[in-house]
1. Among the residues of the stretch 126-138, is there at least one that is within 24 Å of F63 (Cα to Cα), assigned to a loop (DSSP other than H, G, I, E, B) and modelled with pLDDT of 85 or more?
2. Among the residues of the stretch 62-96, how many are assigned to a helix (DSSP H, G or I), closer than 23 Å to E108 by Cβ and not hydrophobic (A, V, I, L, M, F, W, C)?
3. Which residue is nearest to V78 (Cα to Cα), if the candidates are limited to the stretch 110-122 and must be more than 22 Å from the chain's Cα centre (by Cα), part of a helix (DSSP H, G or I) and of a type in the set (D, E, K, R)?
4. Quick test of your reading of the structure: L11 fulfils all but one of (1) modelled with pLDDT of 80 or more; (2) surrounded by 10 or more Cβ atoms within 10 Å (Cβ to Cβ); (3) more than 30 Å from K131 (Cβ to Cβ). Name the failing condition by number.
5. Report the residue count in the stretch 97-109 for those that are part of a helix (DSSP H, G or I) and within 13 Å of V124 (Cα to Cα).
6. With respect to T20, determine if the residue is loosely packed, with under 10 Cβ neighbours inside 10 Å and either among the hydroxyl-bearing types (S, T, Y) or part of a loop (DSSP other than H, G, I, E, B) (or both).
Amino acid sequence: ASWLTWLLPLLWPKRQILVTVIEICLPLLFAAILIALRHRVHSISHPNATIYPAESVDELPGFFYRRHPSNPWELAYVPSNSSAVRSIAEAVERALPISIRAQGFASEREFEEYVRVDNRSGSVLAAVVFKHRFNHSTAPLKRLKA
């Protein structure tokens, strides 16, 4: 009975036969075109998978070390007016075994401008933004409650 509900509108006497034929044939035509195009495209078989050498997660990749000391990587941090943030950035600078220099910015806007305009910004390896409001330069960071 469900096939009858589909067939009845097709056979309805007031319906235009040409419109019905076009509505049925156009999707079939597009499907045939897609199949024909797919058969014309020559695909390349890649039987061997690309296998990359293992990378240790205990060490930094080699390109971090190939940086001249006169042009070190930069660790950008915001805000620069907080001694707590500055001490964290400098501790990271000392802890990493690569040539890196902590660079502070007063605001995110100032950092974004530096990246957009300054040629030296290509040396920025990472940026850390502390969203904490510091009332004065010696204010500590908030402790997170566990």
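1. no
2. Of the residues in the stretch 62-96, 5 are assigned to a helix (DSSP H, G or I), closer than 23 Å to E108 by Cβ and not hydrophobic (A, V, I, L, M, F, W, C).
3. By that ranking, first place goes to E110.
4. All conditions are met except number (1).
5. Here the count works out to 0.
6. Against the criterion (loosely packed, with under 10 Cβ neighbours inside 10 Å and either among the hydroxyl-bearing types (S, T, Y) or part of a loop (DSSP other than H, G, I, E, B) (or both)), T20 does not qualify.
Yes or no, residue by residue, for (1) over 27 Å from N119 (Cβ atoms); (2) surrounded by 10 or more Cβ atoms within 10 Å (Cβ to Cβ); (3) touching a residue at least 60 places away in the same chain (Cβ under 8 Å):
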position	(1), (2), (3)
I24	yes, yes, no
S43	yes, no, no
P69	no, no, no
V85	no, yes, no
A91	yes, yes, no
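The values are calculated or read from the model by the stated rules, or taken from the named source; none is laboratory data. All values derive from a computational prediction rather than experimental measurement. FYI the Cβ positions are ideal-geometry reconstructions off the backbone, even for glycines, and counts take in every protein chain you see.
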